[in-house]
Structure formats: structure tokens, C-alpha cells
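The values are calculated or read from the model by the stated rules, or taken from the named source; none is laboratory data. None of the values given here were measured: they were computed from a predicted structure. In this analysis, Cβ positions are derived from the backbone assuming ideal geometry, glycine residues included, and neighbour counts consider all displayed protein chains.
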Amino acid sequence: MRKIAVLNQKGGVGKTTTVVNVSAALALQGRRVLVIDMDPQAHLTIHLGADQDPDAMGVYEVLTSNTNIAEAIRPIRENLWLLGASIDLVGAETELINEVGRETILAQAVESVQNRFDILIIDCPPSLGLLTLNALAAVNEVIIPIQPHFLALQGFSRLLQTVTLVKSRINPALQVSAILMCMFDSRTSLSSEVREDIKQFLENARESDQPWSQAQVIPIHIRRNIKLAEAPSHGQTIFEYEPQCNGAADYEAVASFLNGNKDAVQAPDETEDAAEAANESVSDDSAQVGAPGSTQTSDNNEIKETNAPAPSDDVPINNSITN
């Protein structure tokens, strides 16, 4: 079983949207896919419309109660299974504080079902705590979705340091396999500049022993598309909600690339109506219905960070990625 974690400690960059739609595309292509929601906000579970049963077992029970993972996994689409999350997951780190080997509980659970599935994809929380460590200990690959903006790069080197630490201490097989550009706007030079900076950074690491030495920028980027913002509120994947939109074409191509088709290419731009183009140019993320006083990003319903970066973080793009 191929095991992948989709990771970025910054919220609103497309993690959940990527997990939902790549896994759905792989399932449509005939692969047996298991997705695990490690985020206490349970956005993956909600996006897939699987949050209706409050008594359903999920990753919280697997981590804290020695629940058999096979009993907690639920089929949600053809060829697609889910180990869901709930708000109870917030307390998991506290409950496991004195547990020996707490970083590898999920890895041990996954081993018992790895022969049932072709691919495992884990949606990591936007943090680098115990839940993320469990995800990284359970996989062989990390895919990092990045929004091609300056602030999205701020924590990139710290994220790579975390992967390096987990590789050296917990999971020697861990590698960063790919970077996926999300919410890419080809009309701006910034998107292309950020992509080229990351490509150059990865190229400079080719001869090193770093976990990202063989990583590549996936040749398909995810274009801005309002339909990707609307699909979560319907509990549907983009292929169910609007299969003819740019977002569906992009994620289908990404899934084909991950499925071994290295000839997968970017679909041509479609003509969009003026209203949709205007909506997409106004903001990075159209707000979904959320709790009072909170702002949710449109790409995966994650709560937006509102704290401004410290002055020391304001460095030029070319200097924001370091070895």
C-alpha cells in the first residue's frame, strides 16, 4: 500500500480539498483508497458528507481506546473508505501524554489493514503536534500543497525541518515526494515566481541526503475555481458537484500523475463567466457558512489565521526558502 500524508502547518492552502478530490479521482480510476482525517476540525469528514452519525467511531477511538481500525473504517464511495474525525480529537494529545510510543499508534494500526487498500492518504491538521507526528510516522511520502503567495512560504523551511526530524528519529522511510501548487493564478507573475523559487530550491537539494532531495513540483497546478469552494457545503467531491469545471480537470490530472501517468498535463483554461472570474479575483478564498466570529476558507473550510506575521518574518521570497 502506498502511504501519503498531505501536510502544511498553514491553514487555507488546500490540504483538505486536495485529499478529498485526489482520493476521489483515484477511486474513480479504480484504485482502492483509504483516507484518514487527522484534523480535529473534521473538515475532510464534513467535505465527504460523513459527519451525520455522531456515534460513528473514528481516528480518536483508534488512538485512545485501542479500537480496531478495521471496525472504525467506513465505506463512503465506491473504492473509497474513510477513518473520520470529530471534535473529540482535540483531547487526544492530552490523553496520550503519558503513553509510551504515542507517536506510532496510528502506524501500528494502519499495518493491520494495509493489504486491503492500494493507497492511503492522510489529511494532517494545520499544526506540527502529536497528531501530525502520528500521521508522518504512518506514511512513506509527504505531499505539500502550497498556495503561491509570499506568506505561504514562511513556514516552508520549518515544515521541512519537522520532516527531517521525524525521518531521523521515528520513520527512516519518510520522504517528501511532491509539491502541489494550489489556487494558482496564471494571470499573475507572483504565482510563477513562487513556483520557480521552489523548483530551484528542490533542484539544489538533488545531491544531498535531505528527505526532499527527490521531490518535484507536480507539473499540474490547481487553478482558482469557485466550484471547489462550493462543493464542501454540499458534502460532495468536485466530480459529483461540477465534473466539467477546471477544478475537476486539474485534480483528475494530479491523480493520474500520482497513479503513475507521468504524461499527465495541465488541462487548457476554460472560458469562465464574468461573475465567477470576478469572485475569484476578489479574494483567495470565498467564505463558507461558519461559526459566528470565525472566517472559513473556501478551499477546505479551514479557519483562517488572522494573526499578522512577526516583523522578522517579512523577508523577500527568494530568501524565504532555505536549506
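Summary of computed values
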read-out: Tally, over region 43-71, of residues that are in a helix (DSSP H, G or I) and either of a type in the set (S, T, N, Q) or farther than 18 Å from P125 by Cβ (or both); value: 5
read-out: Within region 90-122, tally of residues that are in contact (Cβ under 8 Å) with a residue 24 or more places away in the chain, aliphatic (A, V, I, L, M) and either touching a Leu at 6+ places or on another chain (Cβ under 7 Å) or part of a loop (DSSP other than H, G, I, E, B) (or both); value: 8
read-out: Yes/no for N98 being polar (S, T, N, Q) and at pLDDT 95 or above; value: no
read-out: L96, sole failed condition from (1) surrounded by 13 or more Cβ atoms within 10 Å (Cβ to Cβ); (2) within 20 Å of S23 (Cα to Cα); value: (2)
read-out: Residues that are assigned to a helix (DSSP H, G or I) and out of contact with any Pro (no Cβ under 8 Å at 6 or more places or on another chain), drawn from region 158-176; value: R158, L159, Q161, T162, L165, V166, S168, R169
read-out: One residue from I76, I69 being free of Cβ contacts under 8 Å to residues at least 60 places away in the same chain, within 20 Å of the chain's Cα centre (by Cα) and closer than 30 Å to I179 by Cβ; value: I76
read-out: Filter pass, L128 being within 28 Å of Q154 (Cα to Cα), touching a helix residue (DSSP H, G or I) at 6+ places or on another chain (Cβ under 8 Å) and assigned to a helix (DSSP H, G or I); value: no
read-out: Residue match in region 190-202 (condition: among the hydrophobic types (A, V, I, L, M, F, W, C), out of contact with any strand residue (DSSP E or B) (no Cβ under 9 Å at 6 or more places or on another chain) and over 16 Å from L159 (Cα atoms)); value: yes
read-out: Residue tally, condition of a type outside the set (D, E, K, R), closer than 16 Å to A56 by Cβ and not in a loop (DSSP other than H, G, I, E, B), over region 28-42; value: 3
read-out: Every pair of residues 6+ apart whose Cβ atoms lie under 6 Å, when the first sits in region 232-257 and is closer than 17 Å to G14 by Cβ while the second is at pLDDT 95 or above and among the polar types (S, T, N, Q); value: T237/N21; I238/N21; Y251/N21
read-out: Hits in region 133-157 (condition: part of a helix (DSSP H, G or I), over 18 Å from R195 (Cα atoms) and in contact with a strand residue (DSSP E or B) (Cβ under 8 Å, 6 or more places away or on another chain)); value: A135, L136
read-out: Filter result (buried (at least 20 other Cβ atoms within 10 Å of the Cβ) and polar (S, T, N, Q)) within region 204-237; value: N225, T237
read-out: Selected residue (only one of V113, V35 is closer than 28 Å to A152 by Cα and modelled with pLDDT of 95 or more); value: V35
